[in-house]
2 protein chains.
Amino acid sequence: MSYKSDIEIAREAQKKPIQEIGDKLGIPTEHLLPYGHDKAKVSQDYINSVQGNKSGKLILVTAINPTPAGEGKTTTTVGLGDGLNRIGKKAMICIREASLGPNFGMKGGAAGGGYAQVVPMEDMNLHFTGDFHAITSAHSLLSAMIDNHIYWGNELEIDVRRVQWRRVVDMNDRALRQINVSLGGVANGFPREGGFDITVASEVMAILCLAKDLQDLEKRLGDMIVAYRRDRSPVFCRDIKAEGAMTVLLKDAMQPNLVQTLENNPAFVHGGPFANIAHGCNSVTATTTALKIADYVVTEAGFGADLGAEKFMNIKCRKAGLAPDCVVLVATVRAMKMNGGVAKADLGAENVEAVKNGCANLGRHIENLKGFGVPVVVAVNHFVTDTDAEVAAVSEFAKAQGSEAILSRHWELGGEGAEALARRVAEVAESGTSQFSPIYPDEMSLFEKIETVAKRIYRADEVLADKKIRDQLKLWEEQGYGNLPVCMAKTQYSFSTDPNLRGAPTGHSVPVREVRLSAGAGFVVVVCGEIMTMPGLPRTPAAENIHLNEGGQIEGLF
Amino acid sequence: MSYKSDIEIAREAQKKPIQEIGDKLGIPTEHLLPYGHDKAKVSQDYINSVQGNKSGKLILVTAINPTPAGEGKTTTTVGLGDGLNRIGKKAMICIREASLGPNFGMKGGAAGGGYAQVVPMEDMNLHFTGDFHAITSAHSLLSAMIDNHIYWGNELEIDVRRVQWRRVVDMNDRALRQINVSLGGVANGFPREGGFDITVASEVMAILCLAKDLQDLEKRLGDMIVAYRRDRSPVFCRDIKAEGAMTVLLKDAMQPNLVQTLENNPAFVHGGPFANIAHGCNSVTATTTALKIADYVVTEAGFGADLGAEKFMNIKCRKAGLAPDCVVLVATVRAMKMNGGVAKADLGAENVEAVKNGCANLGRHIENLKGFGVPVVVAVNHFVTDTDAEVAAVSEFAKAQGSEAILSRHWELGGEGAEALARRVAEVAESGTSQFSPIYPDEMSLFEKIETVAKRIYRADEVLADKKIRDQLKLWEEQGYGNLPVCMAKTQYSFSTDPNLRGAPTGHSVPVREVRLSAGAGFVVVVCGEIMTMPGLPRTPAAENIHLNEGGQIEGLF
């Protein structure tokens, strides 16, 4: 049997006009700002008007540690959303926007897969509604204003060696990682070192995703630290007077984007911060708005549950006053096998023993998630080569962990294939069993927060950090930043900081290389290992094969 | 009497839903892709479908050399469009999109002024429909792919000292004018010199504005020269294999943007290439499409007629097979006075003698335009301090030149104030008197083309160019580029290359500093004097005062 590719399925989608999707949610025409016939932004006025509504149930989709086998977190999010609608619930999904640059490197990111997709997928992988371009512009404006301030006399006494604010571009361009700027003489400013990150790594992105409204956005932008003086005192964005104009540039980007699934169910696709140096979830505005206009909101967090769900709980939920009613932990039989030591080439053969061994990874995530007080349902995202015995092994394991595993065939069958999952998730969400709480209080010291995550989530024995890092954390506490949550940046492939340690490692240490203050976003980034904030292109970039075919369709992007 | 500001007038606009504007032009709903309720793109399919229609009349609005007094070229374009509609003609206007970056430096550019404006002006000065962001992305992709090619072995043998392709950003950021890239070690590539221009200076922008369709766009992108080898042989964009993906990124941007005037008449706002190193007109797609769906199309060209109109005729019309039926030359009494030697502070006082003296500038533009075989109507854009005697002096002068001057009050009265101008322009356009022809043939040598423009338009005695430049031109002729038109880059403030020489100077020389080949856009840029392709911000950038007010309206942008 042969399967259609994602793009083939997406092209066959029977999309409804976006206003019809808005109608399902009760959004009036004047408050739905169309971008073409299949995308729209929801107006800020409408968002304000629904604040008094009762909130729906919040369902977080997260996953085991990612493996090359693929888990299908977004696919499951979409499938579950369709499944809930299919069983008569008013549900919508909230996912992140895709970064433009990486599409031209490796095969592009899509919005789900198989028959569980969000459309229009081409647009979502290209410019979409321009949100990321707006973020790039706002970020670039601040960059230009900082160097302009220095050029015109540097009244704020910025130490040009200590400009923290790097530039951004939404492209994989390694040549820009480290550059010297303001060369060429007096008219071009004072030479200094600089560099570019990819747009999703911008603090502006994290802020857009955490801000409650435009006023909060402007305040947070003003709070960003852009440089230090020789005496190490911080220079803020508001000292540069850029936050007002940046807010103007971000005004439209703050409005969530409405699109639809292949089954014509509503989806917000909004925001997309890095899941390492930022918190990796879609925007608070989208999630909270969705909760006011739908009865069930299915959303996802980046990477595995040790990073994505941890940050979703400790950063996003804490700051936005959200509480998940149910967590869906996505696993696949293939990924269990890889965690159990099978090589990718051998995944096609049945291997129940390897599945059982690999379940250690699943088990630890279940335990961790329960530590937040939330009920966990395991979704086994079905793959065609899975055998009944393998699926049964996962189910038995989950049951033994006090959870439950439900096979879901949304990739193959769409919402119909996710009905069983949807029914159980709805039951759990309605049961009121969730007793959500972040795993550390605001008042805990920054270093203890790092230790709490490292020990309770990663199961490390210790956190290694030299005096310079500990002193830095103390200084920030003295400056009033001690109440912030920590945003861990480590490899997504393991509970540990070693990407090759699959399964459920113990006895390891978490070395902290660097800490960074994202004062506007409102977290302290804890860098454990190499974190790349500007990717490069591969030897043969996907871009070389991307083109319009004779029918005007995009080829090579997916 | 006090007047409302442009932004106050724009905010009071009674905008119609953009589909109603599309209906006037007969564009079906499915072919009008909305961006919000007041902007839309016209689909490529629809554009293809109207190619067989009869073409309307083309009216070019140009101006005398700009002075600090202001001339009001865009205002007159909008006013004339409204005036034509008011007298019962099916007319639309075609103007350029605004660059984002400069809005944050000085007071922002608007789309017309007074009661002759295009709306929504805030959007048009911010992200609009994302066209410029798409151009920045496409340009940036090629930049990244060039350095990536060098990084992975440089199979094309690019000389890293001879990479012609600079990077772009749509921001005034002088710190990026000259930079060193790929620093920081092996993983970041081979260090080399580089730099950023502002997006409107990108050859991609010029190509988008000259390309007939997506196929032509892709071909032209492939034709761009991005670098040279040590043996000076060119490396093309198509050698890098970037043109397909760039075309995908530009697919939507190629579709013209439909908006409306304050009087609800249709306007295409599309493209915006530099008027010095590029040709400075809106897109060929917009102009040719407008001609197929309206009976009168009013468009404008950048700077004064010596630059903008010359390029409109010799580059855009030649390449797109267009021919203007009437040219409107905009002048103001105040600008005549400045050309006659009056200082800006003294413009308020009547000075008929100065007006008469300043008319020399007007007279030469009339003569030049007639050299293209097109009839010229002078529009005197009325200002409140103008006296009857001053206006009469301009009228008499125009008559003596075999032209005519018509007072137009569109700034104050909208289309009603431009009725007289509209009636006369319609008469002239219908009269069939235009015998348009570019002023040099394709076959003329490149240097002779430069001489032709310098002598016939600038009235210079000679063109000064050293042997290196003449040899370069000859080399390009040998390589097959000899049939291209020349794109002059000189100051807009004077017929000469000295910005202080107002009026109608003679006896001057035109020194050629540099020549550049824009092989994809299809012209040879001839740089005469300092040309800034990356502006800086002023000491107190406008951005410092731009913000959202409590009502969510944008303040400080205009």
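We did not get these values from a lab; they are worked out from the coordinates using the rules stated. As the structure is a prediction and not an experimental result, all values here were calculated from the model. So basically every Cβ, Gly included, is an ideal-geometry build from the backbone, and we count neighbours across all protein chains shown.
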Measure out, as a whole number of angstrom, how far apart the alpha-carbon centroids of the stretch B:483-505 and the stretch A:342-368 sit. 73
Taking the alpha-carbon distance from B:Lys54 and a cut-off under 21 Å, which lysines remain once sequence neighbours fewer than 8 residues away in the same chain are dropped? B:Lys24, B:Lys89, B:Lys90, B:Lys212, B:Lys292, B:Lys316, B:Lys319
Normalised contact order of the stretch B:131-249, rounded percent, pairs of Cα under 8 Å and 6 or more residues apart: 32
Taking the number of other C-beta atoms within 10 Å as the exposure measure, put B:Glu310, A:Glu443 in order starting with the fewest. A:Glu443, B:Glu310
Per-residue ellipticity at 222 nm attributable to helices in the protein assembly as shown (runs of n ≥ 4 DSSP H, -39500 (n - 2.57) apiece, nearest 500 deg cm²/dmol) works out to -9000 deg cm²/dmol
Partners for B:Lys490 among lysines (Cα-Cα distance below 17 Å; same-chain residues under 8 apart left out): B:Lys311, B:Lys449, B:Lys455
For the stretch A:446-528, what is the convex hull volume of the alpha-carbon atoms per residue, in Å³? 79
Which percentage, to the nearest 5, of the DSSP beta bridges contained in chain B is antiparallel? 45
Hey, fewest Cβ within 10 Å first, where do B:Thr533, A:Thr287, A:Thr29 land in order? A:Thr29, B:Thr533, A:Thr287
Number of partner chain Cβ atoms within 10 Å, mean per residue of B:241-253: 6
Please work out the Cα center distance from the stretch B:138-182 to the stretch A:3-37, rounded to the nearest Å. 38
Cross-link candidates for B:Lys4: which aspartates and glutamates have Cα within less than 16 Å, leaving aside residues fewer than 8 places away along the same chain? B:Glu12, B:Glu412, B:Glu555
One decimal, nm, nearest first: from B:Lys4 to the same residue in each other copy, label points 7 Å out along Cα→Cβ, the values are 5.3
Considering only DSSP beta bridges whose two residues both sit in the stretch B:441-534, what percent are antiparallel, to the nearest 5? 40
Rank-order A:487-500, B:38-51 by packing density, defined as the average count of other C-beta atoms within 10 Å over each peptide's residues, highest first. A:487-500, B:38-51
Average other protein chain Cβ within 10 Å of Cβ, residues A:138-151: 6
Cα convex hull volume per residue for the stretch B:131-249 (Å³): 101
Looking at the protein assembly as shown, what % of its DSSP beta bridges pair antiparallel, to the nearest 5? 45
Tell me the label-point distance for the pair A:Glu448, B:Arg456, using the 7 Å Cα-to-Cβ offset, in nm and rounded to one decimal. 8.4
Number of partner chain Cβ atoms within 10 Å, mean per residue of A:536-543: 6
Whole number please: convex hull volume per residue, Cα atoms of chain A, in Å³. 153
Can you sort A:Lys89, A:Lys15, B:Lys467, A:Lys449 so the residue with the fewest Cβ neighbours within 10 Å comes first? B:Lys467, A:Lys15, A:Lys89, A:Lys449
Taking a point 7 Å out from Cα toward Cβ as the label site, list the nm distances between A:Glu157 and the same residue in every other copy, smallest first. 5.7
Rg to Rh quotient for the protein assembly as shown, alpha carbon positions, Kirkwood Rh: 1.00
For the stretch A:179-256, state the semi-axes of the equivalent ellipsoid (square roots of 5 times the eigenvalues of the alpha-carbon gyration tensor), sorted largest first and rounded to whole angstrom. 27, 15, 12
Other-copy label distances relative to A:Gln215, 7 angstrom Cα-Cβ extension, nm: 5.7
Could you give the length gained on full extension between B:Gln553 and B:Ser55, defined as 0.36 nm per residue of separation minus the Cα-Cα distance, in nm? 175.2 nm
